[in-house]
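Participant: Have a look at the structure that comes next, please.
Any read-out appearing in this document is the output of simple, stated calculations on the displayed coordinates, not a laboratory observation. Here the structure is a predicted model, which is why all the values come from computation and not from measurement. Cβ: placed from backbone, ideal geometry, glycine included. Neighbour counts: every protein chain shown.
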Amino acid sequence: MTALESWLSSSPGSAAPLWTLEGLRGADPVLGFALVMLAAVALAELLHRKLRAPRMLGHMITGALASPLALRLLDRTDLDPWKPIIDLAIGVLVFELGSRIRPRWLIDNPWLAFTCVLEGVLAGLCVAATLVSLGAPAPSAWLAGAVAMSTSPVITLVLVHEVRSRGQVTERLLIITAINTALAMLALKAWNVVAAAGSVNIGNELVPVITDAVVVIGGSFLLGIFAGWLLAKLNQPLRDAAAAPVLQIALVILAAMVAAQWKLSPLLALLIAGMAARSKMGHMLTVEPQLGSAGAVLTVLLFIALGMLFTLDGISTLWPWVIAILAARVVGKGVAVALLARLSALSWRQAAALTLTLQPMSSLAVLLAGNTFGWASQFPGVAGGVLQALLIATTLSHLVGPVLTKWSLQSLADECPQPAAKGS
Amino acid sequence: MSLAEFTTSEALTLGVELELQLVSMHDHDLSPQADDLLRELERHTGAWDVKPEITRSMIEIGTSIQRQHAPLVAELTDLRQQLSRAARKLNIGIAGGGTHAYQHWSEQQIYPTDRFHYISELYGYLAKQFTVFGQHVHVGCENGDTALWLLHALSRYVPHFIALSASSPYVQGVDTGFDSARLNSVFAFPLSGRAPFVRSWDEFGVYFDKMTSTGVVQSMKDFYWDIRPKPEFGTIELRVCDTPLTVDKAAALACYLQCICRYLREEKPFEPEEDDYLVYTFNRFQACRFGLDGEIVDPKTKTRQKLRDDILRTLARVDEHALDLQALNASQLIRDTLHEGNDAQWLRSRRKGGMPLSAVVEDATKRWMS
């Protein structure tokens, strides 16, 4: 028996051969992840060709199938060693999103700026109010509202790359996503402050929390500006286009590590870094989609991880709250977009498309405020039922949202390249 | 379909049409957002007109009927301001220039109208390659016979307008070496180039009937000639100009044409003949390739000289008419162009220092919108 056959015939954690389900469960997590990635790419391609589904859906479904939710090939704790790489994948996408934002547009079209704020706030208010009316504890409902403000920047950006959309809905989707993600992070920090204010000893609890919030937001902002400036300086002597993505990834890692070290928000810092770099470098900043091929691999890994975090536990009892979160969110965002559509120069059809594209909810809002996947540990005291309903709602919006977004951009907004006509 | 009657219009009146680029403010590539801009401009306050063009990344604007330089500049300036305001609201850039420096024709989307779908079906990929941007100038004529006489008399001056307006050195990301590469795209169309040498409207009607009977053309719109009659407007239409980078240049070119037309009509310095066209394609090529540094062969005297010098001499000859038409400012701008260089040179100067083409497009956008 050769070494390879021996390696394939059994896994370290199990006596069963590697090609069996039991063998795969006992396999080295790194090997397991590699196999899951292969399966993810294959499933994504299959779904894309047969159903025209976004590829990320295949990646997430593979993650979900490998997770304790289905085949139990990987545990969620298996994600821990991959956490820095997953953070990097998110960081890469958030930096790129920042680089696509042109803040000047908000001055040229103040109604758009108003839309960016109103759609987040109204979605949050609608979700919180609906949950309270259904009997959820107020602090928990407000937390759910804060999370519901945001749209997933990861799903949005990767989908825009995949369908190559260009137009008003796409541009607005990107700027709104960036802003409502930052707003959600602010809301979550504010929630921490308010939750602390509710405690008995205000002097001991509230002041440090407010200070922490200010330091995190202000510090992340300054770090982002500095990172953008540094990238511009480092880029100056370089004329090699191939070196640009390497430099950008290195800077993303550096900024994220400094932010983590100083307990700032790495992702807010990277969003600002992208904007600062664009503003400082202008045309000298060329950001490849997902910062190039390596970034694209990281993105697949990220979506597998998001799939592994899917949960439907307790849906049989929590479904009214889940539906309430999803429905109130659609209504909140839809009303805000519709109210300001014509004033901000958007047609009704585009407004409908924009509302639907904003639906993939972001677990990133929580990640922006914290630094692990452990939601419950980030927000002690939140009612377990509400948190679980929020997680289920996120799962469902990650499954349905990309399909809705793709359809909206392609069919409703008509912003994707038209298929080549026969013979042309 | 038979040829329409030639509508009578006031001699030497002007109408200017400009095809404009819509670019993304992110990467400055063409952006298919014509519908958004047209919707935003539905309630504009001017007498001018704005409409879609063959792809969704283009629009065409047209002035009202004008007689003099100053009101033409005023209208174009108002038009530019309203267009720019709407574009800023939508985060779109608007630029002049005969070509976009690095757009890929295959990514362009045909604007959904019956006419554009017909062109797309008929010409295949040429339709998308027709994502080029020109200035058309209409000059009013009192009847069809005068229109055709003027059309042929003007052929000698076509290189002037090509060289002065040239602003399309870059195509698909490379410097073509041409000052006006746009006309090479137009030349791919089977019914492009010069109009047939017929001198009366009746004769032209016979030619038109022959062409329609072959099924090759259905209307005057199917002719992509450098200068063509427009019977429904009562004009001839000069179509060789690239869209300049500023509205001031566009107005100056229109008025330079107006001055030459007046000079030709009133002084009748020569009688057009078929042999004038022997050098037409050579002169046209020289102007496209070398711009103002090209050479021109005079079809009458057979002498060869620099195009820049020929324009200077022409300006001197038409100065009196420019004075009468109150177009001296336009003549001065044309003279300045001879010294400073055309827009193709301006675009190339932006590229110096290793700036990427996206920076060149952004600079052109700023120049048009400011």
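Participant: What spacing in nm lies between the two simple spin-label points modelled at B:Thr281 and A:Ser293, each 7 Å away from Cα in the Cβ direction?
Facilitator: My value for the distance between the label points is 4.8 nm.
Participant: Let me ask something additional. For the pair B:Arg115 and B:Leu323, what calculated FRET efficiency results from E = 1/(1 + (r/R0)^6), where r is the Cβ-Cβ distance and R0 = 56 Å, to the nearest 0.05? All intermediate terms of the calculation are to be shown ahead of the outcome.
Facilitator: On the way: r = 42 Å, r/R0 = 0.75.
With R0 = 56 Å, the Cβ-Cβ based efficiency is 0.85.
Participant: Same structure again: Under the classification rounded if a/c is under 1.5, otherwise prolate if a/b is larger than b/c and oblate if not, where does the stretch A:271-320 fall, given a ≥ b ≥ c as square roots of the Cα gyration tensor eigenvalues? It would help to have the intermediate numbers written out before the result.
Facilitator: Details: a/c = 6.07, a/b = 2.35, b/c = 2.58.
Because a/c hits 1.5 or more and a/b fails to exceed b/c, the stretch A:271-320 counts as oblate.
Participant: Here is a follow-up. For the stretch B:247-364, taking Cα atoms only, what is the radius of gyration to one decimal and the Dmax to the nearest whole Å?
Facilitator: 16.5, 50
Participant: Which value, in debye to the nearest 20, gives the size of the charge dipole of the stretch A:65-137 about its Cα centre, when Lys and Arg are +1 and Asp and Glu are -1 at the Cβ? Write down the numbers at each step before the final one.
Facilitator: Numbers: 6 positive and 7 negative charges, 24 e Å.
I would put it at about 120 debye.
Participant: Would you list which lysines come within 20 Å of A:Lys263, measuring only between C-alpha atoms, while excluding same-chain residues fewer than 8 positions from it?
Facilitator: Counting by Cα, and skipping residues close in sequence, A:Lys263 has these lysines nearby: A:Lys83, A:Lys189.
Participant: Evaluate the Debye formula for the stretch A:128-187 with equal point scatterers sitting on the alpha carbons, no solvent, and hand back log10 of I(q)/I(0) at q = 0.22, 0.28 Å⁻¹, in q order, two decimals.
Facilitator: Summing over Cα pairs of the stretch A:128-187 leads to -0.81, -1.03.
Participant: Okay, moving on. Any chance you could list the semi-axes, whole Å, largest first, of the equivalent ellipsoid that the Cα gyration tensor gives for the stretch B:30-153, using √(5λ)? Kindly include the intermediate steps, with their values, before the conclusion.
Facilitator: Values: eigenvalues 138, 102, 34 Å².
Over the Cα atoms of the stretch B:30-153, the semi-axes work out to 26, 23, 13 Å.
Participant: Can you give the average number of partner chain beta-carbon atoms within 10 Å of each beta-carbon in peptide B:28-38, as a whole number? Don't jump to the answer; show the numbers that get you there.
Facilitator: Values: counts 1, 1, 1, 6, 8, 5, 0, 5, 7, 2, 0.
Taking the mean over all residues of the peptide, I get 3.
Participant: What list of ³J(HN,Hα) couplings, whole Hz, do you get for the stretch A:335-346 from phi and the Karplus terms 6.51, -1.76, 1.60, once you set θ to phi - 60° and write x for glycine and proline?
Facilitator: Couplings: 5, 4, 5, 5, 4, 9, 4, 5, 5, 8, 6, 10 Hz.
Participant: Between A:Leu125 and B:Arg43, with labels modelled 7 Å along Cα→Cβ, what's the label distance in nm to one decimal, could you check?
Facilitator: For A:Leu125 paired with B:Arg43, the spin-label model returns 2.6 nm.
Participant: Another one. Given the C-alpha centroids of the stretch B:1-79 and the stretch B:143-186, what is the distance between them in whole angstrom?
Facilitator: 19
Participant: Convert each backbone phi in the stretch A:270-277 into a coupling constant with the Karplus relation 6.51 cos²θ - 1.76 cosθ + 1.60 (shift: θ = phi - 60°), then list the ³J(HN,Hα) values in order as whole Hz, x for Gly and Pro.
Facilitator: Working through the residues one at a time gives 6, 4, 5, 4, x, 5, 5, 5 Hz.
Participant: So which lysines pass the test for B:Lys128, namely a Cα distance under 21 Å, with those fewer than 8 places away in the same chain ruled out?
Facilitator: Counting by Cα, and skipping residues close in sequence, B:Lys128 has these lysines nearby: A:Lys422, B:Lys51, B:Lys221.
Participant: Ok, one more. For the stretch B:102-218, rounded, prolate or oblate, judged on the Cα gyration tensor with a ≥ b ≥ c (square roots of eigenvalues), a/c < 1.5 rounded, else prolate if a/b > b/c? Show your work: numbers first, answer last.
Facilitator: Working: a/c = 2.49, a/b = 1.34, b/c = 1.86.
Cα axes put the stretch B:102-218 in the oblate bin.
Participant: Treating cross-link reach as a plain straight distance, find the lysines whose alpha-carbon is under 17 Å from the alpha-carbon of A:Lys406, omitting any fewer than eight places away in the same chain.
Facilitator: The reachable lysines, counting only those whose Cα sits under 17 Å from A:Lys406, are A:Lys50.
Participant: Okay, moving on. Relative to the Cα centre, what is the charge dipole magnitude of the stretch B:315-360, using +1 at the beta carbon of each Lys and Arg, -1 at the beta carbon of each Asp and Glu, and rounding to the nearest 20 debye? Working shown, then result.
Facilitator: Working: 6 positive and 6 negative charges, 98 e Å.
Approximately 480 debye in magnitude.
Participant: May I have the extent of the alpha carbons of the protein assembly as shown along their three principal axes, as whole Å values ordered from largest to smallest?
Facilitator: The principal-axis extents, from largest down, are 98, 70, 54 Å.
Participant: Any idea what the dipole of the protein assembly as shown comes to, in debye rounded to 20, about its Cα centre with Lys/Arg Cβ at +1 and Asp/Glu Cβ at -1?
Facilitator: Numbers: 66 positive and 71 negative charges, 324 e Å.
Charge dipole of the protein assembly as shown: 1560 debye, to the nearest 20.
Participant: Could I ask something else about it? Using the structure shown, select from B:Lys268/B:Lys366; B:Lys230/B:Lys268; B:Lys249/B:Lys352; B:Lys89/B:Lys249 the pairs with a Cα to Cα distance greater than 31 angstrom. Mind showing how you got there, number by number?
Facilitator: Values: B:Lys268/B:Lys366 42 Å; B:Lys230/B:Lys268 23 Å; B:Lys249/B:Lys352 23 Å; B:Lys89/B:Lys249 26 Å.
Those over the limit are B:Lys268/B:Lys366.
Participant: Let me ask something else. Taking the Cα centre of each part, how many Å lie between the stretch A:243-296 and the stretch A:306-329?
Facilitator: 33
Participant: Next question. For chain B, what does the relative contact order come out to in percent, with C-alpha contacts under 8 Å and a separation of six or more?
Facilitator: Details: 732 pairs, mean separation 87.9, N = 370.
Taking the mean separation of contacting Cα pairs over the length of chain B, I get 24 percent.
Participant: Let a ≥ b ≥ c be the square roots of the eigenvalues of the Cα gyration tensor of chain B; is it rounded (a/c under 1.5), or, if not, prolate (a/b larger than b/c) or oblate? Let's see the in-between values first.
Facilitator: On the way: a/c = 1.41, a/b = 1.22, b/c = 1.16.
Cα axes put chain B in the rounded bin.
Participant: Another question about this same structure. Dipole of the protein assembly as shown (Lys/Arg Cβ +1, Asp/Glu Cβ -1, origin at the Cα centre): which of A:Leu31, B:Ala74, B:Val16 lies farthest to the positive side?
Facilitator: Working it through, the farthest residue towards the positive pole turns out to be A:Leu31.
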